[in-house]
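Single-structure report; data block below.
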Amino acid sequence: MRIAAALAVVVLAAIGASGAGATSECLGVRTCIDVPGPWVAVPARGEVLFLLECPRRQGTVVGVDSLATSRDVHVTFDGLLGGPVGPNRTTGSYAFFRAVSGRHQLGLFEPRIGCSPPPTPGPQTTAFQLTPAGPPLNIAATTLPVTPGAVRHLTLGCVRGQSLVDSWDATAFPEPVSPALAAAVHVQRSVSGGHVSITIVVSETLPHAVHALVQVGVRCAT
């Protein structure tokens, strides 16, 4: 526990030294809700995915940004097709982030979005209507708190009339900690009959104080 706490302090110090906190997801937007996500573990190899939504999945993402434990962590998000590029056309009520390690080292990143609130009820002009061209895939996820020694089972699927394309999982923390702690959380996914069966196994070595989270999600096609 002392070692984990020390590592967390080191990570926090590194973030503070890099001038973190000056994010731009709401820069220049008069009415904007700042929505920070948890700190998501980035594996040494491969890509991690994370879905961050506007409150109650209402409103529109007007800006995106992220913080990371290292500049080695590279973050992008998926935009929708269509032009001109802009809110309500390139973005909807959520942002789907992707992160990789450029030098194959463990890391963390905090996804952040700025959301404009939904328009108040009443007559609407074309400028406030959602674009008729939706995202190529429908994305849904749930984020669960996990505790040391826990084993959890759940099943995810698409709504009726949609087909499952793929799924993902990500381990995250409310505050930056040592990226190595993510190894204490094991997620197994299997697909059968258009549903994803998920088993989450958490090692007893995971400190209670880190309040780990696991996000599991699906991408579906109509």
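Of the residues making up the stretch 207-222, those that are under 22 Å from LEU49 (Cβ atoms) and at pLDDT 95 or above number 7.
Of note, SER93 satisfies the criterion of being modelled with pLDDT of 90 or more and in contact with a Cys (Cβ under 9 Å, 6 or more places away or on another chain).
Do you know which of the residues in the stretch 28-83 that are over 27 Å from SER101 (Cβ atoms) and of a type in the set (A, V, I, L, M) is surrounded by the most Cβ atoms within 10 Å (Cβ to Cβ)? Filtering the stretch 28-83 for residues that are over 27 Å from SER101 (Cβ atoms) and of a type in the set (A, V, I, L, M), the one surrounded by the most Cβ atoms within 10 Å (Cβ to Cβ) comes out as VAL62. ARG189 meets all of the listed conditions (1) outside any strand (DSSP E or B); (2) open to solvent by 40 Å² or more (accessible area, probe 1.4 Å) but one, namely (1).
Taken over the stretch 209-222, residues that are open to solvent by less than 40 Å² (accessible area, probe 1.4 Å) and closer than 13 Å to VAL146 by Cβ amount to 6. In the stretch 197-208, the residue that is farthest from ASP169 (Cα to Cα) out of those that are surrounded by 13 or more Cβ atoms within 10 Å (Cβ to Cβ) and not polar (S, T, N, Q) is PRO207. Cβ-Cβ distances below 8 Å connect the following pairs, each with a first residue in the stretch 81-96 that is within 20 Å of PRO38 (Cα to Cα), a second residue that is among the charged types (D, E, K, R) and part of a loop (DSSP other than H, G, I, E, B), and a separation of six or more residues or different chains: ALA95/ASP78; PHE96/ASP78. For a quick check of your reading of the model, give me the residue pairs whose first member lies in the stretch 177-205 and is at negative phi, whose second is hydroxyl-bearing (Ser, Thr, Tyr) and open to solvent by 70 Å² or more (accessible area, probe 1.4 Å), with beta-carbon atoms closer than 8 Å and at least 6 apart or on different chains. Filtered contacts from the stretch 177-205: ALA184/THR205; HIS195/THR155; VAL196/THR155; SER197/THR155; ILE198/THR155; VAL202/THR147.
Taking strands (runs of 3 or more DSSP E) as the structural unit, those lying wholly within the stretch 133-179 and holding at least 2 residues that are of a type in the set (Gly, Ala, Ser) and more than 13 Å from ARG219 (Cβ to Cβ) correspond to 163-173.
If you go through the stretch 159-179 and keep only what is more than 19 Å from the chain's Cα centre (by Cα) and surrounded by 14 or more Cβ atoms within 10 Å (Cβ to Cβ), you end up with GLN162, LEU164.
Among the residues of the stretch 92-109, how many are open to solvent by less than 20 Å² (accessible area, probe 1.4 Å) and out of contact with any helix residue (DSSP H, G or I) (no Cβ under 8 Å at 6 or more places or on another chain)? Of the residues in the stretch 92-109, 6 are open to solvent by less than 20 Å² (accessible area, probe 1.4 Å) and out of contact with any helix residue (DSSP H, G or I) (no Cβ under 8 Å at 6 or more places or on another chain).
The values are calculated or read from the model by the stated rules, or taken from the named source; none is laboratory data. Because the structure is a prediction, the values reported are computed rather than measured. FYI the Cβ positions are ideal-geometry reconstructions off the backbone, even for glycines, and counts take in every protein chain you see. Heads up: the accessible areas ignore ligands, DNA and RNA and are worked out on the full protein's heavy atoms, side chains in. Shrake-Rupley method; radii C 1.70, N 1.55, O 1.52, S 1.80 Å.
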